[in-house]
Amino acid sequence: MLKKITNSFIALCFALAFVGVTAHAQEEHSATQSQSPQGRIQLTQQQKNEITKLQKNILQQKKALIQKYVEYGVIPKAKGKEILSHLDEHMKHLGESGYGFGHHQHHHDFHPRHEKEE
C-alpha cells in the first residue's frame, strides 16, 4: 500500500512539474509577441548607438584575430581577405537593418550539407 502511495505521489509531482513548465513557456511566448505589432522590439537611438559601438569593437577584434591567423600561417592570405570582406559586409548589413535581431530565414534545403539523398 505504501509503495502505491509513493508511486502515485511521484507521478503527481512529475505531472505538476510538466504543467508548470508548459505554463511558464506559454507566458514567455505571449510576452515576447506583445512587444510590438510585428513582434519586434524597437530600440531607442541611445540603445542603437551603444549596440553600434559594441558591434564595431567586436568587428575590430575579429579582424585582428583573422590577421593573426594569416600572420601565423593558420589561414592562407587569400582566405583571410575573403573572411575580412565578409565581416565588412556583415557589419554593413547590420547597420542597414538597425542592428535588430529580426527573423532570419534559414534555407536548409538548399545548403549542400542538408541535401537529401535520392
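Out of all the residues in segment 93-103, is one or more in a loop (DSSP other than H, G, I, E, B), more than 20 Å from Leu54 (Cα to Cα) and at pLDDT below 95? Write out each step before concluding.
So in segment 93-103, the residues in a loop (DSSP other than H, G, I, E, B) come out as 97-103.
This time we only want the ones that are more than 20 Å from Leu54 (Cα to Cα), so: 103.
Of the ones still in play, those that are also at pLDDT below 95 are 103.
Scanning segment 93-103, I find at least one residue that is in a loop (DSSP other than H, G, I, E, B), more than 20 Å from Leu54 (Cα to Cα) and at pLDDT below 95, so the answer is yes.
Quick check on my filter: what residues within segment 58-85 are of a type in the set (Lys, Arg) and either surrounded by 12 or more Cβ atoms within 10 Å (Cβ to Cβ) or touching a Ser or Thr at 6+ places or on another chain (Cβ under 7 Å) (or both)? It would help to see each step written out before you state the result.
Within segment 58-85, the first condition is being of a type in the set (Lys, Arg), and the residues that meet it are 62-63, 68, 77, 79, 81.
Scanning segment 58-85 gives Lys62, Lys63, Lys68, Lys79, Lys81.
If you take the residues in segment 71-86 that are assigned to a helix (DSSP H, G or I) and of a type in the set (A, V, I, L, M), which one is farthest from Gln61 (Cα to Cα)? Spell out how you get there, then give the answer.
If we filter segment 71-86 for residues that are assigned to a helix (DSSP H, G or I), which is where we start, we get 71, 77-86.
From the residues that got through so far, the ones that are of a type in the set (A, V, I, L, M) too are 78, 83-84.
Numbers: Ala78: 19, Ile83: 13, Leu84: 11 Å.
Step by step, filter segment 71-86, then rank; the result is Ala78.
The values are calculated or read from the model by the stated rules, or taken from the named source; none is laboratory data. Worth saying up front: this structure is predicted, and the values here are computed from it rather than measured. Virtual Cβ from ideal backbone geometry, glycine too; neighbours counted across all protein chains shown.
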